[in-house]
Structures are given as structure tokens and as C-alpha cells.
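Chemist: To start, I am sharing the structure in question, which I have written as C-alpha cells.
Any read-out appearing in this document is the output of simple, stated calculations on the displayed coordinates, not a laboratory observation. Only a predicted model underlies this, so the values are computations on that prediction, with no experimental measurement involved. Please note: Cβ atoms are built from the backbone with ideal geometry, for glycine as well, and neighbour counts cover all protein chains shown.
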Amino acid sequence: MFASMSTRRARARRAARVLHEQPMQVASEELRNLMSSVENLVERLGTAADPELKQLRKRAEGALASARSALAQGRAQLGEHAGDFVERGQEYVRRRPVASLGVLALGVLASRSMTND
């Protein structure tokens, strides 16, 4: 009983660490899983003869297309924001090189302390 609890805790810690370290990758994977599930549902509804199920399939297809479009737009905006963020960071480093080194050193120390826990 206690072994299974510690195993569950270890899995939860690993999952939390992955989510913390790679939130965008986790979110993308979850979106892919959701879209795959909806696509599977739409395929299964394709063989239905009931008019209500056909209407449901059309709505699901529309929602899926809308989600794909929103995801593509979000990725494009994220790319633009990331480019702006990089430019601002480079500008800050050029104007304040000593402060940038201090921030970098603090980041390295914090990273080491977190990995040691």
C-alpha cells in the first residue's frame, strides 16, 4: 500500500516537473490529444443515420475547424511575441551588460538549487 502511494507521488512529481519545465510542449500535446479524440468522434458519427447525430457531426466538424484556425493564429502570435521578447532582451543586455551578468548568475544559482531538491 505504501509503495503504491510513493510511486504515485513520484509520478506526480515527475509530471509536475515536466509541466513546469516545458509548459508549451505539454499544452501542445494535450491539444493534439483533444483534437485527435474529436476527430475520432467525428469519424464515428459519420456512419450514423440519425438526423440529430448528423447535425452533431456537422457541429463537431465546425468546432474542430475553428479550433485548428485559432491554434494556428495563436502560434503565429506567439512567434511574433517571442521575437519581440528576444529583441527587448538583447537591447537590455547591450545597455546593461553588468546587470545582465548578475541576473544570469542568479538564474544559474536558482536552477542548481532547484535541481538539488
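Chemist: Just to be sure I understand the curve: with the Debye formula and one point per C-alpha of region 10-117, what is log10 I(q)/I(0) at q = 0.17 Å⁻¹?
Modeler: Normalising to I(0) and taking log10 leaves -0.99.
Chemist: Could you check the spin-label model distance between Met114 and Met35? Points 7 Å from the Cα along Cα→Cβ, value in nm.
Modeler: 2.8
Chemist: In whole angstrom, how long is each semi-axis of the equivalent ellipsoid of region 66-117, when you take the square root of 5 times every eigenvalue of its Cα gyration tensor and sort them from largest down?
Modeler: Those come to 32, 20, 4 Å.
Chemist: Read phi for every residue in region 72-77 and hand back ³J(HN,Hα) as whole Hz from Karplus 6.51 cos²θ - 1.76 cosθ + 1.60, θ = phi - 60°, with x for Gly and Pro.
Modeler: Working through the residues one at a time gives 5, 5, x, 5, 5, 5 Hz.
Chemist: How big is the dipole moment of the chain about its Cα centre under a simple scheme where the beta carbon of each Lys and Arg is +1, that of each Asp and Glu is -1, and everything else is neutral? Debye, nearest 20, please.
Modeler: 420
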